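Heads up: the structure comes next, in structure tokens.
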Amino acid sequence: MLATLDIRRAGPGDAAKLAALARSSFVAVFENDDEIENARYYAERSFSDAQIRAELADASSTFIWAQQTGIPAGYAKLRRGSVLGCVTRPRPVQLERMYVDTDKIGAGVGKKLLHTAIKIAQSEGYQTLWLGVWEDNSRAVEFYQRQGFDIVGENDFMLGHLRQTDLIMALNLRP
């Protein structure tokens, strides 16, 4: 039931909760995969409390936090100024992350976070929203395709000591 879903911009006081959610959500994608140790290695380094605090303080980033009756449900991160060469559409902004608590997947949290990110991007004059998603995460790829994203390229992603491929997807934000 999403009636109690609270979505807002995250602040410095949310760092520890954001970091914990990022670590658990990221690792959950690899739960039944042989590369679980690489996922844990990556998550511990990329989503430490200190790292998330630093990212929250970065003016090029906006974090969008979702809670359901006070319990963390998910978050999204917009990042300005970063773009890959395969993203050739006008005025791009990156949806660098969107993580939903595993218990909330399929409940509409991701869709609400995405729509909030889109509204923020549009209000800032961006015309393209782009992201990278692991090619083997079919659930996420299909979610983004249902939301109107197209695959525009690929990019290498280092998961711990393992090189993987992310699909680069883009969405036209112009009305």
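See the values below:
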| read-out | value |
| --- | --- |
| Net +/- balance of residues flanking residue 57 in space, Cβ distance below 15 Å, scoring K and R +1, D and E -1 | +1 |
| Average accessible surface area per residue within segment 129-175, 1.4 Å rolling probe, Å² | 54 Å² |
| Carbon and sulfur %, accessible surface of the chain computed with the full protein complex present, 1.4 Å | 46 percent |
| Descending semi-axes in whole angstrom, ellipsoid equivalent of segment 33-89, from the Cα gyration tensor | 22, 20, 14 |
| The chain: DSSP helices with Cα axial extent of at least 18 Å and average Kyte-Doolittle hydropathy no lower than -1.0 | 15-29, 109-123 |
| Dipole of segment 1-159, positive end: most advanced residue of 71, 84, 27 [Cβ charges, Cα centre] | 71 |
| Mean separation of Cα contacts under 8 Å (6+ apart) over length of segment 7-102, as relative contact order % | 31 percent |
| Pairs of Cα atoms farther than 18 Å apart, segment 76-127, % | 37 percent |
| Point-charge dipole on Cβ atoms (K/R +1, D/E -1) for segment 95-174, about Cα centre, debye to 20 | 400 debye |
| Segment 1-105: equivalent-ellipsoid semi-axes (sqrt of 5 x gyration tensor eigenvalues, Cα, Å) | 21, 20, 15 |
| Contact order normalised by residue count of the chain, Cα under 8 Å, 6+ apart, percent | 21 percent |
| Over the chain: Rg over Rh, Cα atoms, Kirkwood Rh | 0.93 |
| For segment 5-116, accessible area per residue (1.4 Å probe, heavy atoms of protein chains only), Å² | 48 Å² |
| Between segment 124-171 and segment 32-103, the alpha-carbon center distance in angstrom | 13 Å |
| Cα-only Debye scattering, segment 1-63: base-10 log of I(q)/I(0) at q = 0.23 Å⁻¹ | -0.93 |
| About the Cα centre, charge dipole magnitude for the chain (Lys/Arg +1, Asp/Glu -1 at Cβ), debye | 900 debye |
| Furthest towards positive pole of dipole, 115, 137, 98, structure part segment 95-143, Cβ charges | 115 |
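The values are calculated or read from the model by the stated rules, or taken from the named source; none is laboratory data. Just so you know, these numbers come straight off a predicted model, no measurement behind them. Virtual Cβ from ideal backbone geometry, glycine too; neighbours counted across all protein chains shown. Accessible surface areas use protein heavy atoms only, side chains included; no ligands, DNA or RNA. Shrake-Rupley method; radii C 1.70, N 1.55, O 1.52, S 1.80 Å.
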